[in-house]
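The values are calculated or read from the model by the stated rules, or taken from the named source; none is laboratory data. No experiment lies behind these values; they were computed from the predicted model shown. Virtual Cβ from ideal backbone geometry, glycine too; neighbours counted across all protein chains shown.
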Amino acid sequence: MTELASFASEPLFGLPLAELWFGLVFFIFGMFLFLDGFDFGVGILFATRDDPEEKEQLLSAIGPFWDGNEVWLVVFGGSLFAAFPSVYANLFSRYYLLMFAILAALGLRGLAPEMYEQREDATWKVWWGRAFVVGSLTTPFLLGLFAANWLLGATALVTLPGIAVGLALVALTVVDGVAFLRLKTRGDLREDLRTDGYRALAMYLALVVIALGYLYATTPALRSGLLSPLVIGLVVATLVLASGYAAATARDRHYLAFATAAGLVFALVGIVAGLMYPVIDRVSGLTVEAAIVSPLPLNVMSVGAALLLPLIFGYFVVLYSVFSGPIETGESY
């Protein structure tokens, strides 16, 4: 009886569950940006290809993965709602139009390649190819805008830091997409993508410097966070990972390049989370401790997450194992 009362009134095993769930929410967001990020990057790179066969290779590379990768966005929204319902409500009411714009861009990104394959008409393919690029480019830009606005507590939908972070995330998805495609393609296409990866990486680093510099100059509330050991460490890690990505790409170490691209994504998400903590909603002033749900549902959710997350990871291990290796010539979406 005492154990049941403790389960209903105290955190499980005395763990700092509020902080753990804060970290988990951002980890899940990072998983989405990394896995669906290479899908966005491939969609953006689709605009750089003129050869129909190369375009088909790009579509074939992401065909088995993109809809599964979007699961992480659903898990992100569900975990934010379950653990921090007041924050979920505030964000989705404050950025209502932005949320619908993100969903519309995701829908366009998903619909466009399906429609592209339905007819061989040249005009049809041109317009649906353009729709695929627009959806792939717009989604990460809007997600970056959302993340920056959440961090700053901005009430306006469009802000200068939001634009910088949005563009940085677009560049980062291209870095991610190049790393993925160099795993999945061969020959001239693989070699051509090398330069795209270098350019996107340089653009990403420049935009991160601009965004952080702007925040330091204009947002006094974030200055201590920007100079904290965690954020400085993540910035240094970003530079190290960027160097590793460039070196791995130059030496055709494709898996290492893909791993460093993942590190760049999680470093960016970590910077945002590190600057935000302990305030999880700057407009309302809610801290992580104040916004977390009561102990009983929190404990139940924690047990459920401990059981379900390994299953989700297992599914992705199987998915990526089955469709591992470069795509073969002639494969179609």
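Quick notes
- Any hit, the range 229-244, residues being farther than 23 Å from Val25 by Cβ, modelled with pLDDT of 95 or more, in contact with a Phe, Trp or Tyr (Cβ under 9 Å, 6 or more places away or on another chain) and in a helix (DSSP H, G or I): yes
- Of all residues making up the range 250-271, the number that are buried (at least 17 other Cβ atoms within 10 Å of the Cβ) and over 15 Å from Leu172 (Cα atoms): 1
- In the range 190-212 there is no residue matching the filter, namely being in contact with a Leu (Cβ under 7 Å, 6 or more places away or on another chain), modelled with pLDDT under 95 and among the hydroxyl-bearing types (Ser, Thr, Tyr).
- Qualifying residue in the range 206-213 (condition: at positive phi, surrounded by fewer than 22 Cβ atoms within 10 Å (Cβ to Cβ) and small (Gly, Ala, Ser)): no
- Qualifying residue in the range 32-44 (condition: more than 30 Å from Arg119 (Cβ to Cβ), without any contact (Cβ under 8 Å) to a residue 24 or more places away in the chain and not aromatic (Phe, Trp, Tyr)): no
- Meets criteria (under 19 Å from Ala246 (Cα atoms), part of a helix (DSSP H, G or I) and not polar (S, T, N, Q)) for Leu183: yes
- Identity of the residue in the range 102-124, in contact (Cβ under 8 Å) with a residue 24 or more places away in the chain and more than 16 Å from Glu70 (Cβ to Cβ), that ends up surrounded by the fewest Cβ atoms within 10 Å (Cβ to Cβ): Glu117
- Looking only at the range 165-181, and only at residues there that are touching a residue at least 60 places away in the same chain (Cβ under 8 Å) and of a type outside the set (Val, Ile, Thr), the one that is farthest from Leu268 (Cα to Cα): Leu181
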